[in-house]
1. Which numbered condition trips up SER371, out of (1) among the hydroxyl-bearing types (Ser, Thr, Tyr); (2) away from the ligand (no atom under 16 Å from the Cβ); (3) within 16 Å of the chain's Cα centre (by Cα)?
2. Looking only at helices (runs of 4 or more DSSP H) that fall completely inside the stretch 283-349, which ones have 3 or more residues that are of a type in the set (S, T, N, Q)?
3. Can you give me the number of residues within the stretch 255-290 that are of a type outside the set (Phe, Trp, Tyr) and open to solvent by 10 Å² or more (accessible area, probe 1.4 Å)?
4. Within the stretch 65-87, track down each residue that is within 15 Å of the ligand (Cβ to nearest atom) and open to solvent by 10 Å² or more (accessible area, probe 1.4 Å).
5. Out of LYS161, LYS185, I need the residue that is in a loop (DSSP other than H, G, I, E, B) and either within 15 Å of the ligand (Cβ to nearest atom) or within 30 Å of VAL354 (Cα to Cα) (or both). Which one?
6. Search the stretch 76-89 for residues that are closer than 25 Å to ASP320 by Cα and among the polar types (S, T, N, Q) and pair each with any residue that is within 9 Å of the ligand (Cβ to nearest atom) and part of a loop (DSSP other than H, G, I, E, B) when their beta-carbon atoms are under 7 Å apart and the residues are at least 6 apart or on different chains.
7. Starting from the stretch 254-276, keep only residues that are within 23 Å of ARG301 (Cα to Cα), then list their pairs with residues that are polar (S, T, N, Q) and outside any strand (DSSP E or B) whose Cβ atoms are within a distance under 6 Å, requiring at least 6 positions of separation or different chains.
8. Please go through the stretch 121-174 and pick out each residue that is within 24 Å of ASN211 (Cβ to Cβ) and hydroxyl-bearing (Ser, Thr, Tyr).
Amino acid sequence: MSTFIGVRNFTLKLLYRAIRPLIFLMDPEDAHYKLKKVGVALGSNPLSRSITSMLFNYNHKSLNTQVDGIDYRNPVGLSAGFDKDGELTSIYPSIGFGLAELGSFTGEVCPGNPGKRLFRMVKSKSILVWYGLNNQGAEKISARLAGTDFGPLKVGINAAKSNLTPEFDLQDSIEDYVKTMRLFKDIGDYYTINISCPNTQDGEPFVDPDNLNALLTAVTENRVEGRPVYVKLAADLEIEEINTIVDCCMEHQIDGVVLTNLAKPSHNQEYVKDELPYHKGAMSGLPLQRISTNVIRHVYRRTRGKLTIIGVGGVFTAKDAYEKITSGASLLHMITTMIFDGPQNISEINRGLVKLLKEDGFNSIEEAVGSRNPLPKLKAVDDEPEVKDVA
Ligand SMILES: Cc1cc2nc3c(=O)[nH]c(=O)nc-3n(C[C@H](O)[C@H](O)[C@H](O)COP(=O)(O)O)c2cc1C
């Protein structure tokens, strides 16, 4: 069966390679909206969902995993930012995703940044994003999704603060996150509090410990029983900032962290230098791969595996996914691979994970989590000097 799926995925990969140049002729934001429309159409009736499933889906029992009390059919998820208005949930299970994070949603309707705001960096295998949190707003989206049965898909609700003014106001910003949490209290399986959008007018004010403390106090007061809460961190933080944020998360009994958001070119050497298309925005994909894995390794060790980690950034193959899992991630998110390699890569990554687990003698994802990132002796934890490079 696995061989048949492999041949199927290989054929689809060749097909995607053939049509990719045509997709890449379109403006990236246009292509994003057109492909989303295709997804909405495919998800709209049982026949097209079944055909999509035959072409793209993959199941294996060793991929079933439980994280913070939630049962996932596999650890491979769609990352926030692809489905900003939560319109495609009916099709994700057929493509093979175990989870999908919707949003980021903001309390108010948010048009995002003006002008051209999405750029392909083909040589760097990256997307430069300058969207600025465009979404229809939590009220409209939650009203549309209320009562939806997501089937086998587990759904994350990614909440951010609206990007409407350059002035930061602590109370208004907290109220913004809380508004989304309240409106989605009966929708989805977990929350992500996104404190790391690199494209907002007022920066990333929740890196400041006092602001973060106030935010997480409000988040904790508005938690819903049985719904884990995760915090999404930026890719470009200083080690002290990472430590402060994860320690604050532990103090507030936040369940975990999403590592990481996009990489700012000014802090990153991992892209092809002459390819940067715009002076604003931040990069997904390959330039982020090593950095996010390093942050995962550090946070797993600092917290001694007590915070759940969702690993994200430049996952293109099962090997990339497995590296993040064995570094400490329990679940994974991805976007850029779908754009560069095609949607069949979701099941190919899952299929490869089954093989890699078997090779290492593991029966489950849980057994593999952190297995190549041994924890330091207890007394050394506070003195962890720096983010270690991947071996
Ligand atoms: C087009 C695009 C839009 C994004 N928008 C958001 C967003 O609204 N909220 C968020 O938390 N992350 C957002 N991200 C970041 C992704 O969730 C993810 O952290 C990043 O792309 C790294 O994963 P990848 O290398 O697999 O793409 C966006 C990424 C892309 C490519």
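1. Result: SER371 fails condition (3) only.
2. Helices (runs of 4 or more DSSP H) meeting the threshold: 286-302.
3. So the answer is 22.
4. ALA80, GLY81, PHE82, LYS84, ASP85, GLU87
5. None of the others qualify; the one that does is LYS161.
6. SER79/ILE335
7. So the pair list comes out as LEU259/SER292; THR260/SER292; ASN261/SER196; LEU262/SER284.
8. TYR131, SER162, THR165, SER173
The values are calculated or read from the model by the stated rules, or taken from the named source; none is laboratory data. Since the structure is predicted, the reported quantities are computational estimates derived from the model, not experimental observations. Glycine also receives a Cβ, built like all others from the backbone with ideal geometry; neighbour counts cover every protein chain displayed. Side chains are part of the model used for accessible areas, which takes the heavy atoms of the whole protein and leaves out ligands, DNA and RNA. Shrake-Rupley method; radii C 1.70, N 1.55, O 1.52, S 1.80 Å.
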